[in-house]
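The values are calculated or read from the model by the stated rules, or taken from the named source; none is laboratory data. Treat the numbers as computed from the prediction; the structure is a model and nothing was measured. Neighbour counts run over all protein chains shown; Cβ positions are idealised from the backbone, glycine included.
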Amino acid sequence: MGNPATSSAVTESAELVLPWLPPQDLAAAATACRALRASASAVTARRAADAARGLEPLPIPFNNGVDSKPYAYFLYTPFSLTARSSSTAQPWGCSLDRPPGPAWPRPTLDGFPSAVCGCACSADECGGPECACVDANADAAGLGAEGGMGSLMECGGGCACGPSCGNRRTQRGVAVQLRVVRHLQKGWGLHAAEALGRGQFVCEYAGEFLTTEEARKRQRLYDELASAGKLSPALIVIREHLPSGKACLRVNIDATKVGNVARFINHSCDGGNLQPVLVRNSGSLLPRLCFFAARDLVEGEELAFSYGDARLRPKGLPCFVEA
């Protein structure tokens, strides 16, 4: 039998180190001794219990009944970041119970400062018909025409109103129950874990904001890896036509390595059950891509939207999603 004191010391050290390891290194550590094997198993179980690592208001578990993969490994961010500010490592599977990281206030992106907006409303007035931060052309649900991209204007960092503001509905993280489910043909997919009403906010598509040059460079690499079956990329390109009609703003968001649970939303050939909405915060240069329920959804239903002309791989799989 091993020394109990030594075993305890190994376990305590493992709790500090193992949550930082990617799956292959975690598996290698588990072969070293019985104490590390038990600690690695506990880390794996905690990772499978919450894809969001405690960074969202609610846990988002993995559910796999088709193969031996307990979770998908990636770095989590509740909101989009510039590539140069993204982390290269992140603990996941710690034993300490920690409160969720705040989705408020959202950080100011390097190079994209927030300006003071013209909203002079109190917190309970924001979002009303007189609020300067509200898009008068958007309906109450923030949904656009069926099959198209919606638009929504919300208060931003320059507003005096706080997190309780009624015009910050997409800025408090994932507040509905979701789960990531493994499918035999499609891989991982995002499902509703509760009934959702039409127009209800589901999640933001968060990842790394890339320049067009960097996005094209990564896309070429992703296409090669995806064609060889080594990667499922999650780089999406949004094109927003500016009011002048003479220019188009291109926004590149890559959730392949750093992202949130929206990276698991699969494509639907018939448009899907999620409505993509470009949300612009007052004073912010770049819009955010957010998803709302396009219709009433039942518990257990897979969430999907049409990727449009955003082709992620030249030799893709056939569409298996029906919504």
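Name the residue that is nearest to the chain's Cα centre (by Cα), counting only residues in the stretch 79-105 that are among the hydrophobic types (A, V, I, L, M, F, W, C) and at pLDDT below 85. Filtering first and then ranking leaves Ala103. Test Pro91 against the criterion of being under 16 Å from Val176 (Cα atoms) and in the same structural domain as Val180 (by TED's automatic domain parsing), and give yes or no. Spelling it out, it is not the case that Pro91 is under 16 Å from Val176 (Cα atoms) and in the same structural domain as Val180 (by TED's automatic domain parsing).
Against the numbered list (1) out of contact with any Phe, Trp or Tyr (no Cβ under 6 Å at 6 or more places or on another chain); (2) surrounded by 17 or more Cβ atoms within 10 Å (Cβ to Cβ); (3) aromatic (Phe, Trp, Tyr), Tyr71 comes up short only at (1). Taking each residue of the stretch 183-196 that is part of a loop (DSSP other than H, G, I, E, B) and looking for partners that are buried (at least 18 other Cβ atoms within 10 Å of the Cβ) and not aliphatic (A, V, I, L, M) with beta-carbon atoms closer than 7 Å, six or more apart or interchain, yields Lys186/Asn266; Ala193/Arg179.
Cβ separations smaller than 7 Å between residues 6+ apart or across chains give the following pairs from the stretch 74-89 residues that are closer than 16 Å to Arg288 by Cβ to residues that are basic (Lys, Arg) and surrounded by 17 or more Cβ atoms within 10 Å (Cβ to Cβ): Phe79/Arg106; Ser80/Arg288. In the stretch 40-68, the residue that is farthest from Pro19 (Cα to Cα) out of those that are polar (S, T, N, Q) and assigned by TED's automatic domain parsing to the domain that holds Asp25 is Ser41. Consider Phe292 carefully, then state whether it is assigned by TED's automatic domain parsing to the domain that holds Ala193, aromatic (Phe, Trp, Tyr), closer than 29 Å to Ala89 by Cα and within 15 Å of the chain's Cα centre (by Cα). In short, no.
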